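The values are calculated or read from the model by the stated rules, or taken from the named source; none is laboratory data. Predicted, not measured: the structure shown is a model, and the values here were computed from it. Every residue, glycine as well, gets a Cβ built from its backbone with ideal geometry; the counts of neighbours run over all protein chains shown.
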Amino acid sequence: MLIDDNTEITDMMGQFLTLHGYDCTVSNNAEEGLQQILDKNYDFVLLDMAMPEISGIDVIESLEKRGELTKQKIIVLTASAVTDEELADLLMRGVSKCLKKPIDLNRLLDVIKSCTGSMMMN
């Protein structure tokens, strides 16, 4: 699952992940993406932190309130600087990893494999 409001990013990352054998569901709307996470179990979720109306933090808090956050492997994507304290808070809450944009796609593959413990996942 890939949630990012930037269609250029989701198109590029979706194609890249598909080329590497992943079945990638894309949402360019955080609210719709949140509902998809609640409706279906994904092997991992790539979540942009800065989106209009509902941010990545809002999605994380909503999952946390519903007791769903620790059931997900969430990899957050951010273009802004994340302090050590913010990163520690995200990890303590249940986020698997935080990657800074622009995303190095080979690093992304390594992180996905590390988080899922497998070579090929959704």
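One line per residue, one yes/no per condition, for (1) surrounded by fewer than 15 Cβ atoms within 10 Å (Cβ to Cβ); (2) among the hydrophobic types (A, V, I, L, M, F, W, C); (3) closer than 28 Å to Asp11 by Cβ; (4) in contact (Cβ under 8 Å) with a residue 40 or more places away in the chain:
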position: Thr70; (1), (2), (3), (4): yes, no, no, no
position: Ile74; (1), (2), (3), (4): no, yes, yes, no
position: Glu86; (1), (2), (3), (4): no, no, no, no
position: Asp89; (1), (2), (3), (4): yes, no, no, no
position: Met92; (1), (2), (3), (4): yes, yes, no, no
position: Leu99; (1), (2), (3), (4): no, yes, yes, no
position: Asn106; (1), (2), (3), (4): yes, no, yes, no
position: Ile112; (1), (2), (3), (4): no, yes, yes, yes
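Each residue in region 46-64 was checked for being part of a loop (DSSP other than H, G, I, E, B) and more than 11 Å from the chain's Cα centre (by Cα), and 6 pass.
If you go through region 1-45 and keep only what is loosely packed, with under 13 Cβ neighbours inside 10 Å and assigned to a loop (DSSP other than H, G, I, E, B), you end up with Gly21, Asp23, Lys40, Asn41. The residues of region 65-85 that are within 25 Å of Gln35 (Cα to Cα) and part of a helix (DSSP H, G or I), listed by number, are Lys65, Leu69, Thr70, Lys71.
Scanning region 46-68 for residues that are within 18 Å of Cys98 (Cβ to Cβ), aliphatic (A, V, I, L, M), touching a residue at least 24 places away in the same chain (Cβ under 8 Å) and surrounded by fewer than 21 Cβ atoms within 10 Å (Cβ to Cβ) yields a total of 1. For region 86-114, residues that are in a helix (DSSP H, G or I) and either farther than 19 Å from Asp58 by Cβ or at pLDDT 95 or above (or both) total 11.
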